[in-house]
Structure formats: structure tokens, C-alpha cells
1. Report every pair of residues separated by at least 6 positions or lying on different chains whose Cβ atoms are under 7 Å apart, first residue within the stretch 332-345 and more than 17 Å from residue 409 (Cβ to Cβ), second open to solvent by 20 Å² or more (accessible area, probe 1.4 Å) and within 7 Å of the ligand (Cβ to nearest atom).
2. Yes or no: residue 216 closer than 30 Å to residue 431 by Cβ and within 16 Å of the ligand (Cβ to nearest atom)?
3. Consider residue 386 carefully, then state whether it is of a type outside the set (Lys, Arg) and closer than 30 Å to residue 115 by Cβ.
4. Would you point out the residue of the stretch 461-509, among those that are away from the ligand (no atom under 15 Å from the Cβ) and aromatic (Phe, Trp, Tyr), that is farthest from residue 133 (Cα to Cα)?
5. Taking only pairs six or more apart or across chains, which ones have beta-carbon atoms under 6 Å, a first residue in the stretch 478-491 that is at positive phi and in the same structural domain as residue 302 (by TED's automatic domain parsing), and a second residue that is within 9 Å of the ligand (Cβ to nearest atom) and among the charged types (D, E, K, R)?
6. I'd like to check something: does the stretch 203-216 contain any residue that is among the charged types (D, E, K, R) and closer than 30 Å to residue 459 by Cβ?
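The values are calculated or read from the model by the stated rules, or taken from the named source; none is laboratory data. Predicted, not measured: the structure shown is a model, and the values here were computed from it. Here the Cβ is made from the backbone with ideal geometry for all residues, glycine too, and neighbour counts use every protein chain on show. Ligands, DNA and RNA are stripped out before the accessible areas are found, and what is left, the full protein with its side chains, is counted by its heavy atoms. Shrake-Rupley method; radii C 1.70, N 1.55, O 1.52, S 1.80 Å.
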Amino acid sequence: MITLLDYGAGNVRSVINALERLGETVELVETGADILKAERLVFPGVGNFGAMMHILHDKGLVEPLLAYLQADRPFFGICVALQALFENSEEAPDIPGLGFLPGRVQRFDTSLSVPHIGWNGYKARQPSRIFAGLNGDEKLYFVHTFHVVCDDADAILTTTDYGSEFVSSIQKGNVVATQFHPEKSGRTGLQLLANFLDSSRQVIQPQACPQTTKLAKRIIACLDVRSNDQGDLVVTKGDQYDVREKGDVRNLGKPVQLAEEYYQQGADEITFLNITAFRDFPLEDMPMIEVLRQTSKNVFVPLTIGGGIRDFTDRNGKHYSALEVAAEYFRSGADKISIGSDAVLIVEDVVQTGKATGMSSIDPRRVYVDSPDAVRHPVIETAFPGPKGEGYCWYQCTIKGGREGRDLDAVTLARICAELGAGEILLNCIDKDGTNSGFDLELINAVRAAVSIPVIASSGAGSAEHFLEVFAETDAEAALAAGIFHRKEVPIGEVKAYLEDTIEIRPTY
Ligand code: 1PR
């Protein structure tokens, strides 16, 4: 039996799924007494440090938690729960942490993109059973903007490099906590959790580890999902967003099954885009939620879901906020959400009124012009002239699956989404989508230069060489593809094998 501390701030489904996969039964903490009677306590911290500490105080959980930790009872903290163990955080200077360990939490100070998102390595610093069965060159999944500075050198379990070296996990007696997400770190992460759960595992001495760890470039498989004309939910794929062939919606497979196959093949992330969600509200479109629930039981890498994350009033007059839609996706197993059409509308509002809330998938289309000052949008000189020989273009944002062009450009959209708090940008390109002709490097470079958050290059991959090209010629942190994987033209393993000598990638075990 594992006791799980869910303070209600986000996705704990992934952690529950990972623990259940390891054969455990999970019980949720309701009161402080549940903590005190736990045999093994897992605390997946989510979101903001200050909000987390406030909720722990409000629920009366701080004292029992500290008592549990000080009694050296088995504890595994994840991400913000690692940060909670320290004295304070730059993220919320007014509220102290638990102070179980001396030290603080600070923001990454680096010219690299922040958040630090993706698969990075680790350097083991003390003997631990956590490493049993690992060989030191695995990568683990991180997503964070803040990291801990631990003043107790003996408690540092691993460090990782990102701009500078930071503490990626701690261990003090039976208390273990990681900045990375073992529940989203594939087989390596499951092994690590299993090692924590089984106290009979052998303690392993720190092994020879890399001098410097490196963040891997991610390879992401994308599944565009919608109902076909028979009402079945299928993975489909368009050519420049047109998913019909001879009148029918293309059917390339079943979402849950395909996602699992891609996980097994070594995909670093899976993205589902509910492509007709602009007309079918996702909370009414329950099959999509079910797809997420089923997939997250067997896929232990990050799952992103996009489509229909917006405010909505149903036919009975019941109002749902975009946050409620996102929360339902998180509860069903999503680790990240992607906002497409609504991000465009929100940013238009910001441009016009100077204010708004919230964020990150961009669906632009090229508009060719004759000169750099032909429009008020940022224009680039292109090496691929338009149909009338135009040497310049701008990237027009679209909504509703490319059906409606807007008076807003992709570079401005990306920049303002980043300012509003988007964690990363999924950068599609309608001109390139489904063409197998390679990524739009000009678009990617223009957007990447405008933001300091990670950019996922998408649309147009037709060969393993195209992945090498996008990583060599742009600073994109990840590359996403759909068609070549669905049509089994180039499997994910082949892409990774092609890249592995030149580009830092996650080895898959
Ligand atoms: O606008 O917030 O409801 O979100 C809807 C989401 O659905 C958006 O993220 C939008 O990108 C996506 N979408 C809507 N219509 C389509 C369509 O194809 N008709 N798909 C669509 C977007 C692009 C990528 C594709 C890459 C790689 N498809 O998902 O996977 O272009 O393809 P390739 O490797 O085969 O070239 P909202």
C-alpha cells in the first residue's frame, strides 16, 4: 500500500498509473492522520511553490508531513515536492518551505531556454539502492523553471547540468526526492520507483557517470484525432490540414494502440490533438478523455493534449471555463495541455487592449509579399519565393484547424504567449503539413529567435535527414512528426539511430 499526497493542484494520475503498474495499491491522503499512518508516502508536487505551501497549511498537513520526514520514514517527493523540503523559494518569497533540508530554491539563470523541459542525464553522488539496475547513462524527464540549492552536501543524491550544475535529487536516510519525473521517465523511471519501493534492493555505489550531462533533443509523435463518418475515434492525418481522401476521413489507426506502439519504439513524448474540438466540446466528447485515461495507463512518457481548451457554454446554458477543461484533461492523464485557437484570440485581445490571461500551439500559413514593408507584420526574406516570385513572406495565424486566417502573425503570437506564461511552443506549419518535404526552417528560426521558452518544430518531416536538418540548422528543442510514423515510412527507432552520433538524444532501453 502506498499513500499518495494529492493536494488537488494538478495531474497525479501519471504517478498513480506508474505505481499501479508496479503492482501497488494507492490510497490518497485526506487528513494529516493519513500521513502519520502511511507505510510509504509519495508526494508528487505540481505547479507553483507558494500555492502548494498554502494548500498544505490550509489542510493542516505541514506538521504531520514534517513529523513523518523527521522520523525518517519512507518518502518519495517529485518535482515541487523536492523543492518543498527546503527553506524557501524565489518563486514565492513570502511563504517558507518545510525546512527539512538546509537550502533554497532559485530560478535557472542561464541563456538556455527556460523551463528546462525534456530528457537530461544524472551524476550519482552517494551510494543508494535507487540506482540498482541502472547503468548511469540513462536520461530522465524534467520540466521546471526553479531548482534547489542544497546546503547539506551529504544529502545530494544526483546532480545534472543545464547551463550550470544543479541538484536533481536528494536522499537523506529513507527520504528521497527528485526534480525529475520518474513516472514520466519510461522504463528507467519505473525502475527507479521500484527500487525505492523495495527496501531489499542492493545499495549501489556511484558509478562512472558523464562529466557533463546534456539535455536531449526530443522526438515527438503526434496523433491528430477525430471521429470519422461512422462515429469512431480515429487517428487521422491531413495534407495541409485536409484530412479527407476521396471524401472520407483518413483512418490511420486507433489512438490508444498507436500511442503505445510509439512509446515502445522510443518516442520521447506523445501529443494528441483533438482536431475537431473547435466544434465538438471535449467535455461532451468523452471518447477523447477515455483515450487519455487508457493511454496514460501504459505510456510512461509525457502526454500532451490539445483541442477545445477554451470557455464554453453548452446547450443547457451550463458554463465551463477553459481551466475546467484543462483540469479534466490533467485528471485523465495529460501532463501538458496545448491551446491553439484560443491562444490566437487571447493574443489578439492583448495586442488590441494590452491585457488578458493565459497561452501554445501555432498553426500558421505563409502569406507572400513583394517587399519587407508591404504589411505591418514581421516579414522575413525567404529563400523559397512565392508563386509570383515574391521574395518575402509573413506567417499568418489561423484558428479552427486552419479554416480561418487572422490578422496576427506567428512570431508575435509566440512572443506574447511566452510573456503570458506558456511553457513551450508547438510550432506547426500548414504549408508544410503532410508534404514530407522537411520542416520550415525559416519559420522555426524566426519564432525561436523571438522567445526564450522551448520550441517544438512540427510539420513536413519526410525522412530521418529532416530531423538532423532541423536540429542542425535551428535551435528547436524538439521535433514532432505524424505522417511518416503513421504510414510506417520511417520508424522512430530509425530516426533516433540516424541522429545518435551527431545529436544528443535519449537512448531508449
Ligand atoms: O484550436 O485549441 O481547438 O486546438 C486544435 C488543435 O488541432 C490545434 O493544435 C491544431 O494544430 C490541430 N488541428 C486542427 N485541425 C487540424 C487538421 O489537420 N485539420 N492538426 C489540426 C494539426 C498538425 C500537426 C501535425 C504536424 C505534423 N495538425 O498535428 O501532426 O503538422 O504532420 P506531418 O509530420 O505529417 O507533416 P484548438
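1. Between residues of the stretch 332-345 that are more than 17 Å from residue 409 (Cβ to Cβ) and residues that are open to solvent by 20 Å² or more (accessible area, probe 1.4 Å) and within 7 Å of the ligand (Cβ to nearest atom), the close pairs are 342/310.
2. no
3. no
4. Checked the stretch 461-509; the qualifying residue farthest from residue 133 (Cα to Cα) is 471.
5. none
6. yes
Listed here are the residues, each with its yes/no results for (1) farther than 19 Å from residue 345 by Cβ; (2) part of a loop (DSSP other than H, G, I, E, B).
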| residue | (1), (2) |
| --- | --- |
| 413 | no, no |
| 417 | no, no |
| 433 | yes, yes |
| 437 | yes, yes |
| 442 | yes, no |
| 446 | yes, no |
| 452 | yes, yes |
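Listed here are the residues, each with its yes/no results for (1) in contact with a Phe, Trp or Tyr (Cβ under 6 Å, 6 or more places away or on another chain); (2) away from the ligand (no atom under 12 Å from the Cβ); (3) closer than 23 Å to residue 424 by Cβ.
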| position | (1), (2), (3) |
| --- | --- |
| 272 | no, no, yes |
| 279 | no, no, no |
| 300 | no, yes, yes |
| 315 | no, yes, no |
| 321 | no, yes, yes |
| 326 | no, no, yes |
